[in-house]
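Here's the structure, in structure tokens; my notes come after.
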Amino acid sequence: GSDDSGTSMDDVNSAMGSISSRVGELEKVLGLKFFGDVRTRLDWRTQSQSDPATIVTATGKYANAAQGPIVDLTRGRYRARIGVMKGMGDFKAAMRIATGATNNPNSENNTFDTGFTNPAINIDQAYLTYTPGFFQGHLWLTAGKMPNPLTVSPISWDPDIVPEGIALGLSSNAQNNTTLRAVYFDLISNTGGG
């Protein structure tokens with residue numbers, strides 16, 4: 001057989017360009033801004049086997065005779081998000097839906113192991129931001145289910161956390177190099193425990 005992967009990749013690139021131009025035209029007509037992404041990854045976890053009852057199998061799984069079933073050390077994961085934003089003078093409204101589990105609000109990831117069941121799709125963001133023009137973008141107020149307004153880093157906040165509440169921000173310049181934020185939202189456990 002012949003290798004026609006170059007031709008099929010050209011077809012994919014052509015289709016993506018066509019979709020991009022159509023979305024651009026739709027954004028102009030409706031005055032909307034679409035945003036989103038799709039990500040797939042292989043989650044590869046390793047663990048030192050300190051429990052003598054733990055047996056590592058040839059398929060990359062481990063089992064503990066006392067603890068229960070076999071659990072995969074590797075798994076395929078995916079995330080898909082799509083949103084829409086509309087600016088109206090000093091106001092900006094946005095809504096985004098995303099894949100994820102309804103019992104884990106801190107993750108938008110799903111695992112490729114659910115067979116023929118459909119993944120959950122949740123409202124990931126729904127918020128309104130007011131940025132008064134007379135402050136030249138130095139002050140903003142956001143209410144709703146918003147992108148995390150706090151500083152996000154690997155040791156502070158997970159970027160997947162999308163709080164519900166209200167946030168007020170005041171920055172020293174347009175690049176937001178120094179920003180004072182005041183936020184109000186409840187952090188609750190959705191683990192189902194009492």
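For residue 168 and residue 10, compute 0.36 nm times the residue count separating them, minus their Cα-Cα distance, and round to one decimal in nm.
Using 0.36 nm per residue and subtracting the Cα-Cα distance, I get 52.2 nm.
Starting with the highest mean, order 160-168, 26-34, 86-94 by the number of other Cβ atoms within 10 Å, averaged over the residues of each peptide.
160-168, 86-94, 26-34
With every protein chain present, what accessible area does residue 157 have (1.4 Å probe, heavy atoms only), rounded to the nearest 10 Å²?
70
Could you sort 22, 81, 181, 75 by their accessible area in this structure, using a 1.4 Å probe and putting the largest first?
22, 181, 75, 81
Ordering 130, 184 by accessible area with a probe of 1.4 Å, largest first, what comes out?
Ranked list, largest accessible area first: 184, 130.
Please compute the modelled spin-label separation between residue 135 and residue 29, points set 7 Å along Cα→Cβ, answer in nm with one decimal.
My value for the distance between the label points is 3.7 nm.
The values are calculated or read from the model by the stated rules, or taken from the named source; none is laboratory data. Worth saying up front: this structure is predicted, and the values here are computed from it rather than measured. All Cβ positions, even for glycine, are placed from backbone atoms using ideal geometry, and neighbour counts span all protein chains on display. The protein model used for the area step is the full one, side chains on, heavy atoms only, and it has no ligands, DNA or RNA in it. Shrake-Rupley method; radii C 1.70, N 1.55, O 1.52, S 1.80 Å.
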